[in-house]
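For reference, the structure is listed below as C-alpha cells.
The values are calculated or read from the model by the stated rules, or taken from the named source; none is laboratory data. These figures come from a predicted structure and were not determined experimentally. Neighbour counts run over all protein chains shown; Cβ positions are idealised from the backbone, glycine included.
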Amino acid sequence: MPIQIRAAAVQAEPAWLHLPAGVAQTIGFIEDAGAGGAQLVAFPEVFLPGYPWWLWLNSVDWGSEFQSRYLANSMTRDGAEMAAIADAAQWARVRVVLGFAERAGDEIYMAQAMIGPDGQVRVARKQRPTPLEREVFADGVAPSVVYHTELGRVGVLGGADHLCPDRRVDLWREQVHVAAFSGFTVYHEVGDDVVVAVNSTVAEQYAREGGVVVIAPTALVPMTGWSVVDARSPHHLLLSGGGGVARILGPDGRDLAPPLPPGKSGLLFADLVLDESGNRWTDMRVAG
C-alpha cells in the first residue's frame, strides 16, 4: 500500500538564548503538528537556542558575552530537555526532525535530532561548520544523514551544507529531504527579497536534482523588529531582522502548499503519498 504522509515545516522565531522557553515552544509546535494530523514535523537548524547571529558583528566584547550564554542555553542529547521533547513526540505520535546546539562538556555542536514517534532519539552532528560558525561550534564526525523510518527514507542537512557537494546526501537514497535553514539576516543594504530567494533557490534545486520532496523549515531572525547599527557610525545599519520562508516542495521544485507570509510564525502543512515501490512521490495534494 502507498504511504500517505502529512508533513509540517516550522517557520518561527526561536526563543533566543532561553532554553526553557525554547523547549516549551518546541513542544507546542509538536503538539500543534500532531493535532493537525502531521506524521512528520521539521524544525530549523539550531532552533534551540537559536543561531549565533552575533558572529556577523564586529564587536569582540559582544562575542565573549554571548558565547558563555550560548553554552549555558545549549542542550545535551541525553538531558531532561531532550527527554521532554521526545515524550511530546511520542504523545503526539509525530516523527520530529529538530535542529539544536548540542552541548558536550565545553564543546558545542550543530546537531540534528531524529526523534521517532516511539520517543527514540538519534543525533547527527554537522561535520564541518563554516569558518565563521567554528568560532562557536566544533567539528562533528561525518554521520549517516539518511534515516530508514516508517515514513520512508528521510535525509537531513543543515543550510550551508547544501552548497557543499562533498557533504550532500547520496540523493538516490532519499525519498524525503529535510533542508533545515537557520534563517537569513539582512546585511547592510541587501533586501529581504534577496534573502528569501537564497534558501528558496537552494531547496528548489535540491528537489529537482534528487527527485525528492524537500521540507525546508526556517527560523525568523532572531527578534521581531531587531536591528543592529555600527557603533562607529550610528546611521550605518549592520544587520536587521529577516529570516526566509518555509517551503514544502515536490520533486519538480514547486510548492506543494502555499508558503506562509514572510515574518509570520506557524506551521506549513502538505499531504504526500509515497509510491509503494518507495522510489518516487507519485501523488501530491496541497493541504489547507
Going through the stretch 122-155 in order, the residues found to be part of a strand (DSSP E or B), over 16 Å from ASP166 (Cα atoms) and without any contact (Cβ under 8 Å) to a residue 60 or more places away in the chain are ARG122, VAL123, ALA124, TYR147, HIS148, THR149
Being out of contact with any helix residue (DSSP H, G or I) (no Cβ under 8 Å at 6 or more places or on another chain), among the small types (Gly, Ala, Ser) and within 16 Å of VAL156 (Cβ to Cβ) is the filter here; which residues of the stretch 76-123 pass it?
GLY99, ALA111
Please state which one of PRO262, PRO251 is over 18 Å from the mean Cα position of the chain (by Cα) and at pLDDT 60 or above.
PRO251
Can you find even one residue in the stretch 41-56 that is farther than 20 Å from LEU157 by Cα and charged (D, E, K, R)?
no
Return yes or no: is ASP271 assigned to a strand (DSSP E or B), of a type in the set (D, E, K, R) and modelled with pLDDT of 85 or more?
yes
Does VAL136 fit the bill of being at pLDDT below 90 and buried (at least 18 other Cβ atoms within 10 Å of the Cβ)?
no
Filter pass, ASN73 being polar (S, T, N, Q), modelled with pLDDT under 95 and more than 19 Å from ARG153 (Cα to Cα)
no
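Yes/no per residue for (1) surrounded by fewer than 15 Cβ atoms within 10 Å (Cβ to Cβ); (2) at pLDDT below 60; (3) of a type in the set (S, T, N, Q); (4) in contact with a helix residue (DSSP H, G or I) (Cβ under 7 Å, 6 or more places away or on another chain):
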residue	(1), (2), (3), (4)
SER200	no, no, yes, no
GLU209	yes, no, no, yes
PRO217	no, no, no, no
PRO222	no, yes, no, yes
TRP226	no, yes, no, no
ALA231	yes, yes, no, no
HIS236	yes, yes, no, no
Test: PRO117 is part of a loop (DSSP other than H, G, I, E, B) and surrounded by fewer than 14 Cβ atoms within 10 Å (Cβ to Cβ):
no
